[in-house]
Number of protein chains: 2
Amino acid sequence: MAPHDALSEFDLIKHYFVRQRPGRATLGIGDDCALMTPAAGKQIAISSDMLVEDRHFFAGADARMLGHKSLAVNLSDLAAMGARPVAFTLALALPQAERSWLAGFADGLFALADAFNCELIGGDTTKGPLNICITVFGELAPGQALRRSAAVAGDDIWVSGTLGDARLALAGYRVEQELAPDDLLMAGVRMHTPTPRVTLGCALAEAGLAHAAIDISDGLVGDLGHILKASQVGATLDVDALPAGPVLARQETSLRRRYTAAGGDDYELCFTAPTASREAIAALAASCGTPVTRVGRIEAQSGLRLVDAKGLPLDLALSSFDHFSE
Amino acid sequence: MAPHDALSEFDLIKHYFVRQRPGRATLGIGDDCALMTPAAGKQIAISSDMLVEDRHFFAGADARMLGHKSLAVNLSDLAAMGARPVAFTLALALPQAERSWLAGFADGLFALADAFNCELIGGDTTKGPLNICITVFGELAPGQALRRSAAVAGDDIWVSGTLGDARLALAGYRVEQELAPDDLLMAGVRMHTPTPRVTLGCALAEAGLAHAAIDISDGLVGDLGHILKASQVGATLDVDALPAGPVLARQETSLRRRYTAAGGDDYELCFTAPTASREAIAALAASCGTPVTRVGRIEAQSGLRLVDAKGLPLDLALSSFDHFSE
């Protein structure tokens with residue numbers, strides 16, 4: 001027998017995830033499928049991310065932050081493509097249906113969804129080891145997508161926001177790095193509640209100012225590497241120009257270099273653009289309220305060269321994150 | 001250090017899931033998002049299902065069957081809506097990247113995907129307790145969707161194929177029910193490799209012959225209940241008319257009645273249609289190669305009444321499957 005206040009699967013969905021508000025979906029939660037009517041002439045961008053306990057977040061992670069982060073990492077993929085968020089599905093495996101957890105998770109999830117007018121249109125719930133799988137849908141005009149393969153030799157390399165504080169927080173939690181409690185708290189905010197750069201990504205795509213883009217999830221060096229490979233180009237990256245997060249900026253140089261270059265979990269955008277676009281990009285980023293920094297140059301010569309502020313080669317012995325090699 | 005023959009996340013995707021064949025997607029695996037260009041004037045049907053080890057399948061389940069079933073349960077949702085499969089994303093959490101498992105899983109998955117011309121366009125892979133989350137996309141003309149809310153008093157209730165053998169196999173595996181090895185093998189095929197009724201569902205929707213439809217995943221009584229609730233109608237179901245699977249058909253009456261009425265894991269379609277459509281439906285089902293059976297009637301009086309072949313009330317003390325009450 002189920003305990004007295006146990007939630008059934010249908011009650012759980014109805015109570016925490018079905019919302020009484022007009023949405024864009026033609027048919028939302030409660031049928032075999034959701035129905036979406038695509039805007040005429042638009043393409044649909046689709047991305048799926050799966051978050052697993054003890055892998056992408058600690059056991060016992062705050063439910064509200066987890067609701068935010070689960071959607072944020074998916075919105076970040078839309079941003080990197082330059083697609084405007086429209087809707088998402090949520091598949092959720094839970095060890096048990098706990099009301100306070102569900103309420104917190106839904107709060108964090110919907111606060112971010114509402115900020116980008118992105119509607120929950122369907123999904124699945126089941127019992128199992130905690131696993132959150134979101135698939136997100138965005139719209140964009142044909143030809144506007146910021147593809148990984150579009151970088152051109154001579155392009156500037158840009159990054160949005162700041163890098164490395166999420167990795168620093170991880171080092172703090174793991175006690176690899178000693179941090180003052182306030183610093184850990186502040187860096188932790190970047191780890192737990194990343195800001196998907198949707199406004200900037202869409203603006204860049206719609207203005208036709210950028211060539212290639214990717215979101216920085218596994219670390220800049222690894223993610224930029226995907227652009228270089230797909231575009232068959234190389235690059236020089238000025239590691240000392242990388243914008244460090246406010247907490248990381250106060251750490252020693254070697255740590256700052258490693259975590260900005262290859263920290264992971266930043267969810268900032270890395271994009272390439274012609275040098276002629278510099279002023280226009282700075283103005284557009286300012287209008288989006290998102291800082292951007294030029295950090296290097298795309299080159300015809302293959303490979304990624306890391307240099308310091310003086311242009312001298314740096315060997316940071318970095319490795320990008322791989323789920324099956326750690 | 002990773003073992004000598006360990007697969008990286010990127011190698012895993014490239015080797016087992018990226019295919020060198022022309023697809024419908026504008027941009028598939030290998031960028032931040034996949035890009036789909038919707039057919040002009042069509043709606044997009046979307047469904048997500050998450051399969052968890054020890055919940056939806058036994059630990060150690062055959063990888064090829066699992067590849068089939070993971071996609072089949074999603075295609076079944078498209079079928080129940082009357083939408084033609086187009087594409088899907090796959091998010092996969094794996095305890096380890098094991099080559100033979102991945103090869104089998106991909107084989108089962110793509111054999112079914114190819115049968116319905118449904119393209120893998122993106123997804124995610126991560127380390128974690130085995131979890132398979134597929135989101136599937138289909139197309140249909142506006143107004144053609146077979147919604148749960150469209151049943152009308154006076155409609156016939158139909159089911160496709162046969163019911164109950166999947167539940168019988170489960171009883172056999174759990175040793176709740178004694179079955180000859182050949183019988184268990186035959187019933188097990190229905191449990192492990194369900195046939196999504198895509199051809200029938202799309203044909204019914206395109207011909208405008210059916211009103212409401214749902215796929216039978218949690219058991220007919222429970223799933224029909226969703227139609228009754230959404231349509232604000234009731235029904236009488238002739239339990240002895242329910243088409244039992246070939247193995248179940250040889251079992252005693254009480255078991256046959258319970259497992260056809262509420263067995264679960266059947267992935268057949270239950271649909272309602274006006275009595276005037278009977279001959280047209282029989283002809284259309286024959287042309288699809290899918291048997292269909294009339295099993296009851298939608299009525300204005302709310303509630304679901306189960307009756308035997310003589311029309312006498314049956315109380316089978318059934319309960320539909322709920323992930324959080326078992």
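The values are calculated or read from the model by the stated rules, or taken from the named source; none is laboratory data. Small disclaimer: the values here were computed from a predicted structure and weren't measured. As a convention, Cβ positions derive from the backbone with ideal geometry for all residues, glycine included, and neighbour counts pool all protein chains shown. For accessibility, only protein heavy atoms count, side chains too; no ligands or nucleic acids. Shrake-Rupley method; radii C 1.70, N 1.55, O 1.52, S 1.80 Å.
Close amide H partners of A:D124, meaning residues 5 or more places away or on another chain with modelled amide H under 5 Å apart, are A:L90, A:A91, A:L92. Note on exposure: B:E279, A:E252, B:E268 ranked by accessible area (1.4 Å probe, complete protein assembly) read B:E279, A:E252, B:E268, with the most exposed listed first. With pairing defined as another cysteine C-beta under 4.7 Å, the cysteines of chain A that fail it are A:C33, A:C118, A:C202, A:C270, A:C288.
Applying a DSSP loop filter and a limit of 14 other Cβ atoms within 10 Å to the GluC sites (Glu not before Pro) in region A:93-166 leaves A:E98. Considering only B:P142, B:A79, B:G60, the residue lying farthest towards the positive end of the dipole of chain B is B:P142, judged by Cα position with unit charges set on Cβ. Counting only protein heavy atoms and using a 1.4 Å probe, the accessible area of B:K14 comes to about 140 Å².
When the Cα gyration tensor is reduced to axis lengths a ≥ b ≥ c, the ratio a/c is 1.5 or higher for region A:179-269, and with a/b not above b/c it is classed as oblate. Counting only protein heavy atoms and a probe of 1.4 Å, the accessible surface of the protein assembly as shown is 51% carbon and sulfur.
In chain A, Cα pairs under 8 Å separated by at least six residues give a relative contact order of 22 percent. Between the Cα long axis of helix A:99-115 and the first principal axis of chain A there is an angle of about 50°, rounded to the nearest 10.
Using the Cβ-Cβ distance between A:A276 and A:Q232 with R0 = 25 Å, the FRET efficiency computed as 1/(1 + (r/R0)^6) comes to roughly 0.65.
Taking A:A40, A:A145, A:A276 as the candidate residues, the one with maximal mean-square fluctuation in a Gaussian network model of chain A, Cα springs under 10 Å, is A:A40.
Fully extending the segment from B:A141 to B:A115 would add 7.2 nm, taking 0.36 nm per residue of separation and subtracting the current Cα-Cα distance.
Dipole of chain B computed with +1 at Lys/Arg Cβ and -1 at Asp/Glu Cβ about the Cα centre; of B:P194, B:L51, B:T290, farthest Cα towards the positive end is B:T290.
The H on the amide N of A:Y267, modeled in the peptide plane, is under 5 Å from the matching H of A:I216, A:S217, each at least 5 residues off or on a different chain.
Computed over neighbours whose Cβ is under 15 Å from that of B:S231, the net charge equals -2, Lys and Arg +1, Asp and Glu -1. Please report the antiparallel percentage of DSSP beta bridges with both residues in the protein assembly as shown, rounded to the nearest 5. Restricted to the protein assembly as shown, the bridges split so that about 75 percent are antiparallel. Other residues with beta-carbon under 12 Å from the beta-carbon of B:A79 carry, at +1 per Lys or Arg and -1 per Asp or Glu, a net charge of -2.
Rounded to the nearest 0.05, what FRET efficiency do A:L185 and B:L185 give with R0 = 51 Å and r taken as the Cβ-Cβ distance? Could you check?
0.30
Exceedance of the 31 Å cut-off in Cα-Cα distance is limited, within the set A:K229/B:K127; B:K69/B:K310; A:K14/B:K69, to B:K69/B:K310. Whole-Hz Karplus values for region A:31-40 come out as 10, 5, 9, 7, 10, 10, 9, x, 4, 4 Hz, taken residue by residue from phi with 6.51 cos²θ - 1.76 cosθ + 1.60 and θ = phi - 60°; glycine and proline positions read x.
Dipole magnitude for chain A: about 640 debye, using +1 per Lys or Arg Cβ and -1 per Asp or Glu Cβ, origin at the Cα centre. Sorted from shortest to longest, the distances between the A:E279 label points of this copy and the other copies are 7.8 nm, with each point 7 Å from Cα along the line through the beta carbon. The angle between the Cα long axis of helix A:253-262 and the main principal axis of chain A comes to about 60°, on a 0 to 90 degree scale.
According to the square roots a ≥ b ≥ c of the eigenvalues of the Cα gyration tensor, what is the shape class of chain B, taking rounded for a/c under 1.5, prolate for a/b larger than b/c otherwise, and oblate for the remainder? Since a/c reaches 1.5 but b/c is at least a/b, the shape of chain B is classed as oblate. Indicate the gyration tensor shape class of region B:65-192 (rounded, prolate or oblate), computed on the Cα atoms with a ≥ b ≥ c the square roots of the eigenvalues: a/c under 1.5 is rounded; otherwise a/b larger than b/c is prolate and the rest oblate. Oblate shape, in that a/c is at least 1.5 and b/c is the bigger or equal ratio.
Take the accessible area of chain A alone and of chain B alone, subtract that of the pair, and you get about 5300 Å² summed over both chains, using a 1.4 Å probe.
About its Cα centre, region B:148-307 has a charge dipole of approximately 240 debye under the convention of +1 per Lys or Arg Cβ and -1 per Asp or Glu Cβ, with nothing else charged.
Assuming R0 = 35 Å, what is the FRET efficiency of B:A61 and B:K14, from their Cβ-Cβ distance, to the nearest 0.05? After rounding, the FRET efficiency stands at 0.90. Within region A:195-238, find all residues whose amide N lies under 13 Å from a label point positioned 7 Å from the Cα of A:A300 along Cα-to-beta-carbon. Backbone N within reach: A:233-234. Overall, the protein assembly as shown carries a charge dipole of about 1200 debye about its Cα centre when +1 sits on the Cβ of Lys and Arg and -1 on the Cβ of Asp and Glu, all other atoms neutral.
On C-alpha positions alone, give me the angle between the axis of helix B:181-192 and the longest principal axis of chain B, in degrees, nearest 10. Rounded to the nearest ten degrees, it is 80.
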